Every structure is written in structure tokens, then in C-alpha cells.
Amino acid sequence: MSTGTGADSAPGHISTPTTAPAGENSMFSSLRIRNYRLFATGQVVSNTGTWMQRIAQDWLVLSLTGSASAVGITIALQFLPMLMFGLYGGVLADRLPKRTLLLATQSAMGLTGVALAVLTLAGHVQVWHVYLAAFVLGLVTVVDNPARQTFVSEMVGKDQVANAVSLNSANFQSARLVGPAIAGVLITAVGSGWAFLLNGLSFAAPIAGLLLMRTHELHPVEPRPRAKGQLREGLQYVAGRPELIWPIVLVGFIGTFGFNFPIWLSAFVSDVFHGDAGTYGLFNTLIAAGSLAGALLAARRGHSRLRLLVAAAVLFSALVLVTAFAPGFWLFAALLVPIGIFGLTVNVTANSSVQMATDPEMRGRVMALFMMVFTGGTPLGAPLLGWITDTYGARIGMAAGGVISLAASVAIAVVLARVGNLRVQVSRRGVTFVPAAASRRRDLVTVA
């Protein structure tokens, strides 16, 4: 078993909850740490730019092609490198100083945004340019993602990992509230190119934050020396630990089939509700509002439970399915908020559970696998669901993602119950998992 702290889960013997020390377990406790404050400040600026570019990129491709499938291809190209090379990025994150890696990756991401801005503002942009930029950004993300995920624990220490992971998500979702709204205004007023340019320039903020950090206040993990078999070692490490493998499998299904909102929302805007870029920005903002609420609730909890992960996954998938057939504009829009809440809960709970249950020297490879499965399935799911959406309509495309995600969530709930020797109990408090042996003892007492 891992010597990591572990996350409380449905199988009660697998792990236990981890919380901040007494008196420090508050919603924003990680922000007391100077290095993390610098990191968070830089990230909220660059994340806002990233969301501006995402909206502008999707809308530009839809404008150039008129195809939801083309939007799906763009998303697939952005995440294809993670599927192909994600584990190698984790090996690099374990081998090299993470702050140095992040300085390089954040600089490269900024240059990618500026290059796409130049092409767009000059009037020479073509669809293949967007495809290429998405693929290059994906290559950089292969290294940036595990380095950024694992650098959190080096800034805050193990007692604040769960809180910092939740605040990272709150940070990202806060930017998601602002970014799409700004992008919608910019695209309508002056075009997509200015959104790309502002995104490129926004990376100056995280780079400055990294440079201003006090390195002696970090909790660095000794880099792993180069050796044969490190990739295989990471896979074997995860394979023998149910507290790691099942959250990773679950987020793989949710990420591949349930998080294809750029395809679905762009199709609903253009084909169902006949809106414009402002409507698309509104839908993304509503999902972000729910996601921000979910992230703040997760930060307040201060611990992660696998039973919460499974419940959130079931509710998220069911809501996606129900929303697909919402008859009116405002009902559809309103349902996006709880979708954001439960979708973010899935992401944060799985992320913090996996990080806390992993030994520090293995964290880069484990988180690379986590992100590879979570986002690397997009090259498979996005084109498929894009084709379904183009062929059968926006409602069927979105419903298909909800059905697959719901089936996977229920199946993994059953597996976790069996691993933990649990059974379902229905009471006035709702549906819960309880130890099978304890339940049998209560039944015998009742019979006697």
C-alpha cells in the first residue's frame, strides 16, 4: 500500500481522510502561504486568457467550417498529445525541478497564443492553422500539466494539498466566469484575434509569480535520477492500488464522454437556439458559475471521499442526460449551473484523492496518468460525439455522452462496493453504502 496519506473512500479499509491541522482548515487556508499566493495570482490571469482563447478558438472554427465535427477535431488535436505522450510528461516531472519546467512551459504557451493572434489579426488564418496551434499547445501541456499539478504540494506541504487543489479549481473556474464573457464581447466587437493576443500576453503573470517565489520556502521533492523502467514502475504502482485506479478509470469515462461541452454548446447555440457568440459565452459562464461553487464547497470540506466522487459522477451524468432534452432556452441555461457544480466535484475529488494517496516520489507519474486518462480520452470521444451531434442533432449528441457517463459511474459504484465489502442501504437519509457485515448483524438483531 501507498505510504501517502490516502483519501477516505467507499471501501473503508482502503484509505482515511486527510484534513488541515486544527485551526488551519478554512476555505482559503492555502492562501496564507506566500508562494502559493503568487502562483494563484498568476494563474487567475493566465486562466482568464486561456478561457478567452478557448471560446474564440471554438467559435472561429465553427465560423470557418460551420461544422461541430470540426470543433471536435480541434479539441481532439489539443488533447491527442496527452494520450500519446502523457506518461512521459510525468516521468519528466519526476526527474526535473518543477518550477524550472513551469517557467519553460508557460513561456511556450504564451508564444502559441501570440502566433495565432498574428495570423488571425492579419486575416490569413485558416482552419489548419488552428489545428496546428491546438496540437502544439497539447504538446506543451503534456509536461506542464503534471508539473503544475504536483508543484502544488511543493508550495503548500502535504497538510494543505486538498485545500490547494480545490482552490486551484476555484481559480480556474473564476477565470471561466470572466473569460467567456470577455471573449464574447471581443469576438462580436473586433474579432477572435484580440482574444488570442490577450491570452498570449496573460502568461507574463504566472511567469512573474514563479520568478518572485522564495525557493527556500518550498517543500521540494528530490528529483528522481534517470533510470530504466520508470514508466513501467509508475503503471505498476497504480495497478496495485484500488484507491488510485478506480478514480482514474472513472474520470477517464467522464472526461472522454461527459466533458464535451464545446461541441454540444456550440451546436445548441447555432442549431437549436439560433444564438451568437454572446450566447455561447453565456452558456460557458453559467457552467463556470456552478463549477466555482463546486470548487469552493470542495475547499471548505478539506477532505476527499470516493463515495462522494461516485455520487457526484452519477448526478453529473444524469443532469447531462436531462439537460439534453430541456425544452426551452432558459431551462437549458439554468441546468448548466448544477452540471458545473457536480462536474467540478468529480474533478476536484478525484484529483485530491489521487494526490493524497500517492507517495511524493511517484506523484508526477501518477498525476500524468490521471491527466492522460482524464483529458487524453478526448481525441476519441470528441470526434465521435461531434459526428453524432452533426448527424443526429445536438440533443442526441449530448444525451449520448450522458448515457455513457452514467453507465460507467453506476458500474464503478458497484465495483467499489464489492471491493470494500459494502452494500446499498436505503433509509430516510437517502441511499448510502454501509459495511455488509454490519448490515447483516443489524438484520439478525431485528429478526431475533
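The values are calculated or read from the model by the stated rules, or taken from the named source; none is laboratory data. Since the model is a prediction, treat every value here as computed from it, not as a measurement. These accessible areas exclude ligands, DNA and RNA; they are computed on the full protein's heavy atoms, side chains included. Shrake-Rupley method; radii C 1.70, N 1.55, O 1.52, S 1.80 Å.
Key figures
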| quantity | calculated |
| --- | --- |
| Probe 1.4 Å - accessible area at ARG54, Å² to nearest ten | 80 |
| Exposure of ARG395 as accessible area (Å², to 10), given a probe of 1.4 Å and all protein chains | 60 |
| Net length gained if the chain between ALA115 and ILE245 were fully extended (0.36 nm per residue, minus Cα distance) | 42.9 nm |
| As computed over the stretch 290-378, the Cα convex hull volume per residue (Å³) | 94 |
| Computed log₁₀ I(q)/I(0) - Debye formula, equal Cα scatterers, no solvent, the stretch 60-166, q 0.14, 0.20, 0.22 Å⁻¹ | -0.66, -1.01, -1.11 |
| Share of pairwise Cα separations in the stretch 338-389, more than 15 Å, in percent | 60 |
| Per-residue SASA entry for PHE85, accessible area with 1.4 Å probe, Å² rounded to 10 | 80 |
| Largest-first principal axis extents, alpha carbons of the stretch 48-100, Å | 44, 25, 10 |
| Whole-angstrom gap from the stretch 173-187 to the stretch 25-87, using each part's C-alpha centre | 12 |
| The stretch 269-417: C-alpha gyration tensor shape, a/c 1.5 cut-off, then a/b vs b/c | prolate |
| Three-way shape call for the stretch 102-232 based on the alpha-carbon gyration tensor, with the a/c threshold at 1.5 | prolate |
| Exposure ranking of ILE404, ILE55 by accessible area [1.4 Å probe, largest first] | ILE404, ILE55 |
